[in-house]
Amino acid sequence: MKKPIYRNFQFIKFIWILLLIAGFSDSLTYASYLDDILLQIEVTAQADKTTELNAPACQKFGLRNSSFFPVSSAPSNVVTADFNNDGIPDIVGPMPNTSSITVALGNNQTGFSAANDFVVGASPRGVTVGDFNRDGEIDLAVTTATARLLNILIGDGEGNFTLTDSYPVGIAPNKIETADFNNDGWLDLVVGNLDSFTLSVYLGGANGFVPANSATITLGNRPSAFALKDFNQDGKVDLLTVDSPSVRLFTGDGQGGFSNALTVATVQLNDLTSADFNGDSYPDFAIFGSNDGKVRLTNQ
């Protein structure tokens, strides 16, 4: 039996690399190749528009050096998924200074193929992945700040994407996440709107997306990050948000609504992530401070 990834010593070393690199990068993601214990890091470097990891650092921590490849403009908020069904993780990232996202397909020889760009609209900011039309292929949802839109791009299973629908959101939409909020088998979406201090909630279905009954959630400050998990273990997706200095937990009602906000932390923050860090089957979360350089881990 394989050890849970959070108990693997190699993974613990990998987490420290993430924390070290995060201070020098606008966006960071990783793909885990569990079969050969290869952990691959992709770092977005805004200065030279490349992805690269220092070779000595890789060797010291037992990791292979990542490939170095150019993209057409500096991407941010990079995420991973298998877009062409070859079993190898690929990457996608919005390029805020353009009207496009960039997609690079992974391979076992050179790391990644040449990046392809897909037009979505001016100043793309956030991206998330999922099979939104339930055809078995990975699709993309991308926010664009200039037009204040949530954009859906349908994937063809070969790494290509077509813009099909756009939906209005708030001012300066940025981060976006997906989960099934109302337990109907269709993925739903939540968007953080930085300058309107709100979240926009859309419910997915056979005919695309529609606003939820409580389509807008008002916060006290800019929603810099959020996570979707069943934190209270009632079978319904809940919403954890960072609108610094508050971390708020909204309870999901199983119909696409979120209410009963509980402030779980008050500190200057700029990001969070959630997973079962201690292996007790309950979701935990880590929050990243913007002033003191600390990472705070909260267990249930």
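No value in this document is a laboratory result; all are computed from the given coordinates. Since we're looking at a predicted model, the values are computed, not measured. Note that each Cβ is placed from the backbone with ideal geometry, even for glycine, and that neighbours are counted across all protein chains shown.
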Self-check item: Lys, Arg +1 and Asp, Glu -1 on Cβ, resulting dipole of region 75-161 about Cα centre, debye, nearest 20
Solution: 500
Self-check item: Cα shape, region 221-285, gyration tensor, a/c 1.5 rule
Solution: oblate
Exercise. Using only alpha carbon pairs under 8 Å that are at least six residues apart, calculate the relative contact order of region 84-201 and give it in whole percent.
Key: 18
Quiz item: Given the C-alpha centroids of region 135-185 and region 106-133, what is the distance between them in whole angstrom?
Solution: 12
